[in-house]
Amino acid sequence: MTEKIGFVGVGRMGANMAKRLKDVGFSVTAVYDARSESAKSLAQELGCEACPTLARVTELSDIIFTVVTDDNAMRKIFALPKKADSLLANAKGKVFVNCATISPKVHVETEKLARKAGAESLEACMASSITQAREGTLYLMCGGEQATFERVKPVLEKLSASMRYIGKAGQAAVVKALVNMVMNINTAALAEGLGLGQAYKLDLGMLREVFSQTGANSRVLQTDGEDMQNREHSCFFSSAHAAKDSGIALSLAKEKGLNLPLAVATKKQYDRMIKEGLGELDKSGIAELTFKGRRRLRN
């Protein structure tokens with residue numbers, strides 16, 4: 001536990017991962033966020049530096065976790081250092097562990113850039129959510145060089161209940177895109193099933209119990225079913241992120257010439273939520289589109 005740990009992106013997931021590592025004895029030395037107040041608040045709690053620049057995070061850390069929003073944000077933090085503030089400035093010997101759900105090609109780009117800077121890069125795509133990040137019970141899908149995976153494995157073990165090394169750079173990101181695509185489809189399907197049940201005035205507690213014992217069962221029934229019924233959509237995984245991740249999967253399908261009509265329909269639903277100003281609701285908020293008598297949305 002002598003490794004010094006830095007975090008870039010300390011929103012709901014990144015902040016709780018940093019807290020977890022601090023709790024189990026790691027030295028969290030640096031945090032950075034585009035929202036400087038978020039970084040300052042967390043730094044005060046952890047007793048570390050809220051860095052004014054990305055380069056400062058690299059300077060203070062041996063292993064840097066990145067938890068950013070999308071491809072553009074990832075490219076920005078790994079920009080060429082002569083042109084912009086970058087994590088790659090004086091990065092020789094450092095390891096970047098990249099946890100965001102982004103396009104596989106951007107993970108490949110990042111590994112190449114890190115290598116040129118004398119650093120290493122690993123994708124550690126996360127399943128589960130905020131509670132699991134705080135408790136260290138994430139499921140991690142890792143991609144990159146096997147030696148890099150082994151180097152950071154002791155740290156990843158403290159963040160996860162289980163992990164899987166998938167293969168070379170980009171491959172874990174493909175798996176994560178498929179995980180989220182199927183999860184989003186299941187979420188949309190559950191919302192339609194419960195919405196139709198409600199229209200027939202069925203007891204939704206009973207219906208959820210029946211679903212749990214039949215082929216209608218799924219993980220999202222456990223995580224989202226009651227929330228859909230109660231209209232409790234506090235954000236653990238936003239509808240905006242669901243739309244983004246379904247889009248990543250559809251881009252992968254397009255590259256292979258595959259038509260995925262369920263994924264297409266699901267993305268349209270989440271895109272509609274964004275259009276209607278509901279993108280920051282939890283993905284369970286898709287039920288607002290299917291339950292009769294709920295928010296009227298434009299066609």
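Backbone amide hydrogens, once placed in the peptide plane, bring ASP62 within less than 5 Å of LYS4, ILE5, GLY6, excluding anything fewer than 5 places away on its chain. Based on the convex hull around the alpha carbon atoms, segment 81-206 presents an average projected area of 10.3 nm². Take the Cβ atoms of LYS40 and TYR200, set R0 to 45 Å, and the FRET efficiency comes out at 0.30.
The slack in the chain from THR53 to ALA79, taken as 0.36 nm per residue of separation less the alpha-carbon distance, amounts to 8.1 nm. Here the Karplus relation 6.51 cos²θ - 1.76 cosθ + 1.60, evaluated at θ = phi - 60°, turns the backbone of segment 241-257 into coupling constants of 5, 4, 4, 4, 5, 5, x, 4, 4, 5, 5, 5, 5, 4, 4, 9, x Hz, with x for every Gly and Pro. Entry for the chain at q = 0.14 Å⁻¹: log10 I(q)/I(0) = -1.03, Debye formula applied to identical alpha-carbon scatterers, no solvent contribution. Please report the net charge: other residues with Cβ closer than 13 Å to the Cβ of LYS268, K and R +1, D and E -1. Once all neighbours under 13 Å are counted, the net charge is +1. My understanding is that a pair violates if its Cα-Cα distance is over 30 Å; which of LYS158/LYS256; LYS116/LYS268; LYS158/LYS268; LYS4/LYS82; LYS40/LYS254; LYS153/LYS176 do that in this structure? Over 30 Å apart, Cα to Cα: LYS158/LYS256; LYS116/LYS268; LYS158/LYS268; LYS40/LYS254. Computed 3J(HN,Hα) for segment 194-211, one whole-Hz value per residue from the Karplus formula 6.51 cos²θ - 1.76 cosθ + 1.60 where θ = phi - 60°, is 5, x, 5, x, 5, 5, 8, 6, 6, 6, 6, x, 4, 5, 5, 5, 5, 3, glycine and proline marked x. Per residue of the chain, what 222 nm ellipticity follows from adding -39500 (n - 2.57) for every DSSP H run with n ≥ 4, rounded to the nearest 500? That comes out to -16000 deg cm²/dmol. Under the combined filter of DSSP loop state and at most 10 neighbouring Cβ atoms within 10 Å, segment 190-281 retains these trypsin sites (Lys or Arg not before Pro): LYS201, LYS256. Here TYR165 and LYS292 are evaluated by their C-beta separation; at R0 = 41 Å the FRET efficiency comes out at 0.30.
In this structure, the amide hydrogen of ARG164, modeled 1.01 Å from its nitrogen in the peptide plane, lies closer than 5 angstrom to those of LEU140, MET141, CYS142, counting only residues at least 5 positions away or on a different chain. Relative to the longest principal axis of the Cα atoms of the chain, the long axis of helix 219-230 makes an angle of roughly 60 degrees. The phi torsions of segment 161-177, fed into the Karplus equation with coefficients 6.51, -1.76 and 1.60 and a -60° offset, translate into couplings of 8, 7, 8, 9, 7, 8, x, 5, 3, x, 6, 5, 5, 5, 4, 5, 4 Hz, rounded to whole numbers, with Gly and Pro shown as x.
Distance between the pseudo-spin-label points of LYS112 and GLU3 (7 Å out from Cα toward the beta carbon): 2.6 nm. If you plug the beta carbon distance of LYS275 and ASN72 into 1/(1 + (r/R0)^6) with R0 = 25 Å, you get a FRET efficiency near 0.75.
Once the chain from GLU135 to ALA147 is taken as fully extended at 0.36 nm per residue, the excess over their C-alpha distance is 1.7 nm. Checking the a/c ratio against 1.5 first, then a/b against b/c, what shape does the Cα gyration tensor give for segment 248-299? It comes out prolate by the Cα gyration axes. Of all DSSP beta bridges confined to the chain, the antiparallel ones make up roughly 20%.
Values in this text are rule-based calculations from the coordinates and carry no lab data. Bear in mind the structure is a predicted one, so any value in this text is a computation, not a measurement. We place every Cβ from the backbone using ideal geometry, glycine too, and count neighbours over all the protein chains shown.
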